[in-house]
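The values are calculated or read from the model by the stated rules, or taken from the named source; none is laboratory data. All figures in this text were calculated on a predicted structure; none of them were measured in a lab. Cβ coordinates were reconstructed from backbone atoms using ideal geometry, including for glycine residues, and neighbour counts include every protein chain displayed. Side chains are part of the model used for accessible areas, which takes the heavy atoms of the whole protein and leaves out ligands, DNA and RNA. Shrake-Rupley method; radii C 1.70, N 1.55, O 1.52, S 1.80 Å.
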Amino acid sequence: MAAMPDADPHAKPLSAQRAAPLSGRFSTPGDKAISHRALILGALAVGRTRIEGLLAAEDVLSTANALRALGAVVDLHEGGCDVHGLGINGLLAPATPLDFGNAGTGVRLMLGVLAPYRFISHLTGGPTLTRRPMQPLLDALAVTGMSVLESDDGHLPIAIQGPLAPAPIRYTMKAPSEQIKSALLLAGLASPGTTTIIEPVPTGDHTEKLLADFGAQISTVLDEAGAATITLVGLPELKPRRVIVPGDPSSAAYAIVAALIVPGSDLVIENVLINPNRTGLIDTLLEMGGDIAFINQREAGGEHVADLRVRSSRLRGVHVTADHAGAMLDDIPALAIAAAYADGSTMIEGIAALREQECDRLAVTAAGLAANGVECLEGRDQLLVKGVGAVPGGGQVDTHHDHRIAMSFLVLGLASKAPVTIDDARPIAASFPGFVTALSAVGASFSAG
């Protein structure tokens, strides 16, 4: 067996072994996307916002720290946090650069928040974040009058300064991107008049829902072709709210896939957000023959949530089109694990964007599968996984400091013939600090070293 990379003496290798049937109840951590947005809107409201179920993971905490540096008070407590906001245009010039660590969502949303502010903002991040391209977002935010004073060829570190007089924003999206749309809407809060964003292909609506909940005047109209026109009245006085953050479907993905592939499993995964824009993986797993039942469906914080009863299933390969894959990019590594245990080939198309995430997730996923005896073919923007219903395992996976790669390949090892080892479990803290504990509690088997 090949030796582990030895570049980082502080790395914490972790192995997953073939598990007994998974059973019981798995508690899903708070949704990362909603946690970021709730913190930001709480800081832009006037007064105290209470956020329950906030995801207290490294990425979200990076956004909280940035808001503190901008003058907001963010008090974390067990179960959530309180944010004492400063109002629209109330943020203060930061004394030091805002370091977002690995938080791609946080830095993109905050670029939108800060775009109208006249003071200079310096934004930076860790090694995985500085490799991610920001130029498409910077190009979009140029419509606000924002100036880019410093940029490493469209990458962090970046310094920006808002215009002397912000103007109303009108922008037609060049490609589907919920984060770019959300950044423009956040910039529109501090811009006079009405911001109008046209989405030829609508994307997720978490930002719009939260803005409405905080009292902003925002509306979305769909035309006959399905394009969305979003309008937002600028300079509102946002009202502090009680926000309940539902469970993150991307974090639930690992437990869902684990229960499907570990023979004899019967697991209830609690409090999963089932917003139609976030259920791409679940829809695909159902198409593959997964036994997934939606129970206890309810509303929480303006979002539809449910518990999922997942039982081990004989999966079959499917064809995932580019449009479908593009709506669940974060979940592609987990889908590839399910595909490895399916009978027949799974083709996943239109996933070139995976190459520009925390690492080249497309290449790293393919390499991890191959290292564990799964035949796959990596294309420029596609992945073909040739499932035979079983996985040999026994391989070691270089996670490239990517939390989703780490969790996905630990799940692979829960049903493989030989254990699967990842080079470093520390990146998991970026989005799911309690991952190992939570899965171990329902029957998963992990060992250090």
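The sole residue among Ala370, Ala342, Ala390, Ala336 that is buried (at least 20 other Cβ atoms within 10 Å of the Cβ), closer than 26 Å to Ala259 by Cβ and more than 19 Å from the chain's Cα centre (by Cα) is Ala342. Within region 200-222, being at pLDDT 95 or above, open to solvent by less than 60 Å² (accessible area, probe 1.4 Å), more than 23 Å from Gly145 (Cβ to Cβ) and touching a Ser or Thr at 6+ places or on another chain (Cβ under 7 Å) holds for Glu208, Ser219. Within region 344-366, residues that are on the phi > 0 side of the Ramachandran plot reach partners that are among the hydrophobic types (A, V, I, L, M, F, W, C) with beta carbons closer than 7 Å, at six or more positions or on different chains, in the pairs Gly350/Ala322; Gly350/Ala325.
Looking at Leu383, Leu414, just one residue is within 29 Å of Ala33 (Cβ to Cβ), in contact with a strand residue (DSSP E or B) (Cβ under 9 Å, 6 or more places away or on another chain), open to solvent by less than 10 Å² (accessible area, probe 1.4 Å) and outside any strand (DSSP E or B), and that residue is Leu414. Among the residues of region 272-286, is there at least one that is β-branched (Val, Ile, Thr) and touching a residue at least 40 places away in the same chain (Cβ under 8 Å)? Yes, because at least one residue in region 272-286 is β-branched (Val, Ile, Thr) and touching a residue at least 40 places away in the same chain (Cβ under 8 Å).
May I ask you to list the residues in region 294-327 that are over 13 Å from Asn271 (Cα atoms), open to solvent by 20 Å² or more (accessible area, probe 1.4 Å), of a type outside the set (D, E, K, R) and in contact with a strand residue (DSSP E or B) (Cβ under 8 Å, 6 or more places away or on another chain)? Those that are over 13 Å from Asn271 (Cα atoms), open to solvent by 20 Å² or more (accessible area, probe 1.4 Å), of a type outside the set (D, E, K, R) and in contact with a strand residue (DSSP E or B) (Cβ under 8 Å, 6 or more places away or on another chain): Ser312, Ser313, Gly317, His319, Thr321, Ala322. Considering region 185-199, and only residues there that are assigned to a strand (DSSP E or B) and either at pLDDT below 95 or hydroxyl-bearing (Ser, Thr, Tyr) (or both), the residue that is surrounded by the most Cβ atoms within 10 Å (Cβ to Cβ) turns out to be Thr195.
The number of residues in region 434-449 being in a loop (DSSP other than H, G, I, E, B) and either aromatic (Phe, Trp, Tyr) or modelled with pLDDT of 95 or more (or both) comes to 4. Residue-level check: of (1) among the hydrophobic types (A, V, I, L, M, F, W, C); (2) at pLDDT below 95; (3) open to solvent by less than 60 Å² (accessible area, probe 1.4 Å), Ala225 misses just (3).
Criterion applied to Asp75, Asp82 was being surrounded by 15 or more Cβ atoms within 10 Å (Cβ to Cβ), acidic (Asp, Glu) and in a strand (DSSP E or B), and the one residue passing it is Asp82. Scanning region 393-402 for residues that are of a type outside the set (Asp, Glu) and either part of a strand (DSSP E or B) or crowded, with 24+ Cβ neighbours inside 10 Å (or both) returns Gly393, Gly395, Gln396, Val397, Thr399.
Does Val60 qualify as being assigned to a strand (DSSP E or B) and either out of contact with any helix residue (DSSP H, G or I) (no Cβ under 8 Å at 6 or more places or on another chain) or in contact (Cβ under 8 Å) with a residue 24 or more places away in the chain (or both)? When the stated conditions are applied, Val60 does not pass them. Looking across region 200-251, the residues that are within 20 Å of the chain's Cα centre (by Cα), part of a loop (DSSP other than H, G, I, E, B) and more than 30 Å from Phe409 (Cβ to Cβ) come down to Val201, Pro202, Asp205. Elements of the type strands (runs of 3 or more DSSP E) sitting completely within region 107-177 and holding at least 1 residues that are farther than 24 Å from Cys359 by Cα, open to solvent by 50 Å² or more (accessible area, probe 1.4 Å) and out of contact with any helix residue (DSSP H, G or I) (no Cβ under 7 Å at 6 or more places or on another chain): these cover 120-124, 147-151, 170-172.
Exactly one residue out of Ala11, Ala3 is among the small types (Gly, Ala, Ser), at pLDDT below 95 and open to solvent by 70 Å² or more (accessible area, probe 1.4 Å): that is Ala3. Evaluate the following for Arg37: is it at pLDDT 95 or above, open to solvent by 40 Å² or more (accessible area, probe 1.4 Å) and not polar (S, T, N, Q)? Judged against the criteria, Arg37 is not a match. When region 268-287 is filtered for residues that are farther than 27 Å from Lys209 by Cα and surrounded by fewer than 24 Cβ atoms within 10 Å (Cβ to Cβ), the ones remaining, listed by number, are Val268, Leu286, Glu287.
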